[in-house]
1. Can you compute the equivalent ellipsoid semi-axes for region A:34-183, i.e. the square root of 5 times each eigenvalue of the Cα gyration tensor, sorted largest first and rounded to whole Å?
2. Which three semi-axes in whole Å describe the equivalent ellipsoid of region B:1-61, each the square root of 5 times a Cα gyration tensor eigenvalue, listed largest first?
3. Mind jotting down the distance between the C-alpha centroids of region B:232-276 and region A:183-236, whole Å?
4. Going by how many other beta carbons lie within 10 Å of each one, how would you line up A:31, A:98, A:206, fewest first?
5. Please list the radius of gyration and Dmax for region B:2-270, considering alpha-carbon atoms only, with Å as the unit.
6. Across peptide A:53-62, how many C-beta atoms of other chains are within 10 Å of each residue C-beta, on average?
7. Among A:233-244, A:81-92, A:33-44, how do they line up from the highest to the lowest mean number of other beta-carbon atoms within 10 Å?
8. Give me the base-10 log of I(q)/I(0) for region A:109-259 at each q in 0.11, 0.17 Å⁻¹, Debye formula, one uniform scatterer per Cα, rounded to two decimals.
């Protein structure tokens, strides 16, 4: 379970271009729940994800994972419980290392690394099996350096790496935005399969309204650093793209009127 | 003909001495390779850590300390120096190269303080080379054996370490720090340990060199970094760097070839003062090669931060 309690983050505080990125944001995600976060640029989506992952310290407020306060723990400590797939395929993998080594790094995310040999036969067989589920042929390229893979293959690898070991929380940061439509679809399908099978508590940021309609248990719309709208349950099942876009439109009109 | 044969004779006479030297200096090359290649932390500390190791070892041996113990002490001091460079970079966000220059400049004074003077002779003192089996002490063969044994040990140890879970994590920090952090690896700890380890090798090299030449000098590190870089590039050109094994072998192969080349140049009559210029031009040529192949003006003016490592 993820709880964000009155999280506040202000950039350039006290200066002319002060920007309130998170304005006492409250958000709770139940264990096993799949939340989809939408919102216009500058609504605070990225700030929120960075605050959850620990990359950005909060000015005030708390972040709890399964009831434990992690507000003041660094990124690498939180990583034992949180897995993240970035928008940029380059960010989520170590390019100069092999596919198998990247899988190993992900497997060791939540355990203590020892001086035992990293890639043993048992692990390699396990990686082969897990990668074959993607159907991209990555299972035969374990010794290939990741820099030689395409963006889609890298992102698929990132996803397999992230869902392995069943993290307490999975953060998906527009993870299909940089991919072509067909690959984006493949990665999205793989995401949904993994999230469903493993019952992962997931928070996905997306600009793709169709994805927001099709996937997840709840749509969370952010605006100016707070939750503007939440659609869950039966209402979520009946929501349409047009209806979601409407909520953006209101805001845009308001901006054009100078309000 | 006369010139060729005399060059060849004087070169051949130097081969054993040069080989012993290059095996000792291979540790500096290792100390340069690890930050530059494995950690992507271009580091200049070796220029100060190498004489630091020499000075610490020299002073201890002059005081009658066991030569092996003196090397261990030098190694630890080098490790600390490397840790400081990494800390300066991480804590104050100072560019790695500048952090290294700061450290090496400060180390110069520290080295002088340690020795109390700029030059210290330990000629005739016990050294680790006297322990070489089967050979008469004092000859290059004993140095080749001892430095070779330590070098082989270091190579095997690193080749094993970089494939362990911890070693893989360390390499990940060099490959993609943001990703490493997201996979639960502390970038701080890895960088500090990694750069510390590298400087420890540089210091070890200095300590071995002091025992080999019988004196320590505060200026013994001058230009060692460019020599090491040249050696590293030759090694990588010969054995490649596609795998951990090859990347670790490159410093040793490179050091051996590089110092033989230098010895050949000297035997052919090149004035020693020109050596640094020649080495510098060589490194420049190696770095410029990819850009020359690509042709001029491609891609416009590069950003200042785009250092070629």
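Rule-based calculations on the coordinates, nothing more; no lab input. Values in this document were obtained by computation on a predicted structure and should not be read as measured data. Neighbour counts run over all protein chains shown; Cβ positions are idealised from the backbone, glycine included.
1. For region A:34-183, the semi-axes come out at 28, 20, 12 Å.
2. Over the Cα atoms of region B:1-61, the semi-axes work out to 32, 18, 9 Å.
3. 56 Å
4. A:31, A:98, A:206
5. Calculated on Cα positions, Rg and Dmax stand at 18.5, 65 Å.
6. Per residue, the average neighbour count from other chains is 1.
7. Per-residue Cβ counts within 10 Å, averaged per peptide and sorted highest first, yield A:81-92, A:33-44, A:233-244.
8. -0.56, -1.07
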